[in-house]
Amino acid sequence: MDELSQGGISRGKIGIRLIFTLLFLVILSVMHFIIQMTALIQYVVLLITRSYSEPLRSFSNKAAVYVYKLIRYITLNDNARPFPFTGFPREMESPEDAARFD
């Protein structure tokens, strides 16, 4: 913030960050679609087998963390560029032991 308020950041650096932000906005849109599809597939599996897919559940949890990291970068709350510039994020919280339907 100090560098920004003193006018120390070049417009070129701001432009590069803007380009990365636009790229990550596109990736965020793709992730939105992927999460919708995984949720629908999970419910189809649940309706057919009456049990959820643990690998799909784990992927969905990691995808949620990735979306969180994307949003933090896009909104200037984090300076670390998300995947593919860093590793895919690990789970922040473990999923519940079992999904409840009450």
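Just so it is clear, none of the values below were taken in a lab; they were calculated from the coordinates. Values in this document were obtained by computation on a predicted structure and should not be read as measured data. Cβ atoms come from the backbone with ideal geometry, glycine included; neighbour counts cover every protein chain shown.
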Quiz item: Listed highest first by mean packing, meaning other Cβ atoms within 10 Å per residue, what order do 12-24, 58-70, 84-96 come in?
Solution: 58-70, 12-24, 84-96
Exercise. Enumerate the residues in the range 24-47 having an amide nitrogen under 16 Å from the point lying 7 Å beyond the Cα of S53 toward its Cβ.
Key: 33-47
Quiz item: Per residue of the chain, what 222 nm ellipticity follows from adding -39500 (n - 2.57) for every DSSP H run with n ≥ 4, rounded to the nearest 500?
Solution: -22000 deg cm²/dmol
Self-check item: Extension gain from V65 to A99, taking 0.36 nm per residue of separation minus the Cα-Cα distance
Solution: 10.3 nm
